[in-house]
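S.K.: Structure incoming, see below.
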Amino acid sequence: MKRSFIEVRDLEFFYQKEQPLFLDFCWEVERGEAWAVIGPSGCGKTTLLFLLAGLLKPKRGQVLIDGQTINRPRPETALILQDLGLLPWNTVRENVALGLKIRSFYGPDGIHAPKRPLPKDHEKLVDYWLERLNLKEVATRYPSQVSGGQKQRVAIARALVLEPDLLLMDEPFSSLDAPTREDLEELTLKLQNEKGLTVITVTHSVEEAAFLGRKILCLRTPPHRTPLILEGPPPERENPIYHQVCDRIRSYLKGHLQI
């Protein structure tokens, strides 16, 4: 039987045992899909992302990616955090290349170590993503010297230079102005289609979830057992289906729409 790329099986997780976030939670994601995860603050969105990233371990159940049980970060998974995590003392170029340098000595056990160390042509790879994300002209600047949108592009370039098969993003565009946010949302979908990436984006924005997610996982009040999954509309903001999906998400989050 063909296995899904990501399988979450009977997941149980809590920070305090009397307040579980997930109980017998199951979820599957196919390779190459674009998902959005939406819900109110504190519902467990980021926790779910960290479980997929291997930064947290289930109390019970399993998280499997490509058939492998995840109990620590895997080299093929890239994570973009809300605060981006750019090193202020590194230039834009050095920040983009950071993951490649770390990968060259990643993993003490030989099992989770990368299949190939630092590529011989890593400088060309960095150049490609600087060019691809329109960062070449600011490559020698520091994060404090570039705009918010450019910082976000640096974070995307740093993730994709590692050639991941899974990209996890936690509220990636929440601090940006609307035009910049929409521009980067469109860029994300374009890159996802070009590279065949599996992308999971956590967001609190209904409109962003409907635009970025061809499938949308809706969370509400913990503990989560049976997820509500909505089929996302085409990524066209003027499409009536887009607005219908936005309305369904709002209804669910307000408690009007039941599973």
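The values are calculated or read from the model by the stated rules, or taken from the named source; none is laboratory data. Just so you know, these numbers come straight off a predicted model, no measurement behind them. Every residue, glycine among them, receives a Cβ derived from its backbone with ideal geometry; neighbour counts consider all protein chains shown.
S.K.: What pairs can you find where one residue is in the range 141-158 and free of Cβ contacts under 8 Å to residues at least 60 places away in the same chain, the other is part of a helix (DSSP H, G or I) and aliphatic (A, V, I, L, M), and their Cβ atoms are less than 7 Å apart, with a gap of 6+ or different chains?
M.R.: Between residues of the range 141-158 that are free of Cβ contacts under 8 Å to residues at least 60 places away in the same chain and residues that are part of a helix (DSSP H, G or I) and aliphatic (A, V, I, L, M), the close pairs are ARG141/VAL92; VAL146/VAL92; VAL146/VAL138; GLY149/LEU184; GLN150/VAL138.
S.K.: Here is a further query. Return yes when LEU64 is among the aliphatic types (A, V, I, L, M), surrounded by fewer than 17 Cβ atoms within 10 Å (Cβ to Cβ) and assigned by TED's automatic domain parsing to the domain that holds VAL206 and no when it is not.
M.R.: When the stated conditions are applied, LEU64 passes them.
S.K.: THR221 passes all but one of (1) more than 19 Å from ILE6 (Cα to Cα); (2) of a type outside the set (Gly, Ala, Ser); (3) in a loop (DSSP other than H, G, I, E, B); (4) touching a helix residue (DSSP H, G or I) at 6+ places or on another chain (Cβ under 9 Å); which number fails?
M.R.: For THR221, the failing item is (4).
S.K.: Out of the residues in the range 40-60 that are outside any helix (DSSP H, G or I) and either closer than 20 Å to LEU228 by Cα or not assigned by TED's automatic domain parsing to the domain that holds PHE25 (or both), state the one that is modelled with the highest pLDDT.
M.R.: Only one residue tops the list, namely GLY44.
S.K.: Here is a further query. Identify the single condition in (1) part of a loop (DSSP other than H, G, I, E, B); (2) modelled with pLDDT under 90; (3) of a type outside the set (Val, Ile, Thr) that LYS101 does not satisfy, given that it satisfies every other one.
M.R.: Only one criterion is unmet by LYS101, namely (1).
S.K.: When you look at LEU79, is it part of a strand (DSSP E or B) and either of a type in the set (S, T, N, Q) or over 21 Å from GLN192 (Cβ atoms) (or both), yes or no?
M.R.: Answer is no for this residue.
Conditions (1) crowded, with 16+ Cβ neighbours inside 10 Å; (2) in the same structural domain as GLU137 (by TED's automatic domain parsing), marked per residue:
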site	(1), (2)
LYS151	yes, yes
VAL206	yes, no
PHE211	yes, no
ARG214	yes, no
GLU231	no, no
ASN239	no, no
VAL245	yes, no
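S.K.: Filtering the range 185-203 down to residues that are outside any helix (DSSP H, G or I) and touching a strand residue (DSSP E or B) at 6+ places or on another chain (Cβ under 7 Å), which residue is surrounded by the most Cβ atoms within 10 Å (Cβ to Cβ)?
M.R.: Selected residue: THR201.
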